[in-house]
1. Among the residues in region 158-171, are any within 20 Å of ILE47 (Cβ to Cβ) and in contact (Cβ under 8 Å) with a residue 40 or more places away in the chain?
2. Residue check, LYS91 against (1) more than 11 Å from ligand 1 (Cβ to nearest atom); (2) in a loop (DSSP other than H, G, I, E, B); (3) at pLDDT 95 or above; (4) not hydrophobic (A, V, I, L, M, F, W, C), all met but one. Which one?
3. Among all residue pairs at least 6 apart or on different chains, which show Cβ distances below 7 Å where the first residue, located in region 129-146, is without any contact (Cβ under 8 Å) to a residue 60 or more places away in the chain and the second is within 12 Å of ligand 2 (Cβ to nearest atom) and among the acidic types (Asp, Glu)?
4. Checking GLY162 against (1) within 11 Å of ligand 1 (Cβ to nearest atom); (2) under 13 Å from the mean Cα position of the chain (by Cα); (3) under 24 Å from SER22 (Cβ atoms); (4) of a type outside the set (Lys, Arg), only one condition comes out false. Which one?
5. Looking at region 91-104, can you tell me whether even one residue there is touching a Ser or Thr at 6+ places or on another chain (Cβ under 6 Å) and aliphatic (A, V, I, L, M)?
6. Which residues, taken from region 144-162, are touching a His at 6+ places or on another chain (Cβ under 9 Å), under 17 Å from PHE108 (Cα atoms) and surrounded by fewer than 22 Cβ atoms within 10 Å (Cβ to Cβ)?
7. Looking at GLN178, is it under 29 Å from PRO79 (Cα atoms) and within 14 Å of ligand 1 (Cβ to nearest atom)?
8. Would you kindly identify the strands (runs of 3 or more DSSP E) lying entirely within region 96-158 that contain at least 2 residues that are within 10 Å of ligand 1 (Cβ to nearest atom), modelled with pLDDT of 95 or more and of a type in the set (S, T, N, Q)?
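The values are calculated or read from the model by the stated rules, or taken from the named source; none is laboratory data. None of these values were measured; they are calculated from a predicted model. Methodologically, a virtual Cβ is constructed for each residue, glycine included, from the backbone with ideal geometry; neighbour enumeration extends over all protein chains shown.
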Amino acid sequence: MELFETKLILDLPDANIVYHPSFLSHERANQYYQTLGETIPWQQDQITVFGKTHPQPRLTALYADNDKTYSYSGITMKPHGFTPVLHQIKKEVEQLTQNTFTSCLLNFYRDGKDSNGWHSDDEKELGTNPLIASVSLGAERFFHLRNKADKRIKSKILLQHGSLLIMKGATQHYWQHQLPKTSKKIGGRINLTFRVIQ
Ligand SMILES: O=C(O)CCC(=O)C(=O)O
Ligand SMILES: [Fe+2]
């Protein structure tokens with residue numbers, strides 16, 4: 001549940017992005033970080049980008065209330081069924097966004113060397129204008145955005161422990177995002193992205 005009404009609307013052309021810094025209390029964010037870190041069967045897949053195969057620079061897991069697979073960068077992920085904790089977080093995200101989700105893709109960035117390269121969440125299984133709701137737990141990391149038509153148009157936002165970032169509307173058509181590496185000595189970060197996978 002949202003603690004404060006505080007929300008930040010990113011003022012970017014052709015984007016619809018809202019940031020809720022205090023979506024979860026620190027106490028609950030701590031609990032979720034610990035539980036998910038210990039209980040999720042994290043996997044490290046081999047990805048193929050520009051014809052080269054290498055281990056993905058983070059760990060992932062897919063959860064869903066259906067058995068539809070999700071494919072990107074040459075990986076096909078099979079979902080697990082929602083656990084009680086993930087189901088609880090999903091309900092809270094659904095309440096705030098007034099949306100329902102079928103799936104949650106989890107990312108575990110073990111330290112500052114783990115990352116997520118430039119991409120849009122534009123796989124066809126996500127539909128035309130997907131609403132992506134992204135919960136951050138653990139170490140703060142910068143989330144970069146760049147305009148697809150003019151890559152010099154950029155923005156970044158620090159994703160804090162317990163925050164929720166919502167991307168919707170045409171955002172994925174016009175913008176890419178990434179989570180770059182950092183040389184700072186930081187701990188792990190868990191990210192949960194709720195989506196509809198059709
Ligand atoms: O870790 C993040 O905040 C971003 C994750 C992301 O972009 C994705 O999984 O598609
Ligand atoms: Fe993404």
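1. Here is the first cut: in region 158-171, the ones within 20 Å of ILE47 (Cβ to Cβ) are none.
Looking for residues that are within 20 Å of ILE47 (Cβ to Cβ) and in contact (Cβ under 8 Å) with a residue 40 or more places away in the chain, one finds none in region 158-171, hence no.
2. The one condition LYS91 does not meet is (2).
3. Correct list of pairs: empty, since none qualify.
4. (1)
5. Taking region 91-104 as the starting set, the residues that turn out to be touching a Ser or Thr at 6+ places or on another chain (Cβ under 6 Å) are 94.
Filter again for aliphatic (A, V, I, L, M), leaving none.
Checked region 91-104: no residue is touching a Ser or Thr at 6+ places or on another chain (Cβ under 6 Å) and aliphatic (A, V, I, L, M).
6. Taking region 144-162 first, the residues touching a His at 6+ places or on another chain (Cβ under 9 Å) are 144-146, 148, 154-157, 161-162.
Now drop any that are not under 17 Å from PHE108 (Cα atoms), which leaves 161-162.
Result: HIS161, single match.
7. Working: under 29 Å from PRO79 (Cα atoms): yes; within 14 Å of ligand 1 (Cβ to nearest atom): yes.
When the stated conditions are applied, GLN178 passes them.
8. Values: elements: 103-109, 116-119, 132-138, 141-147.
By residue number, 132-138.
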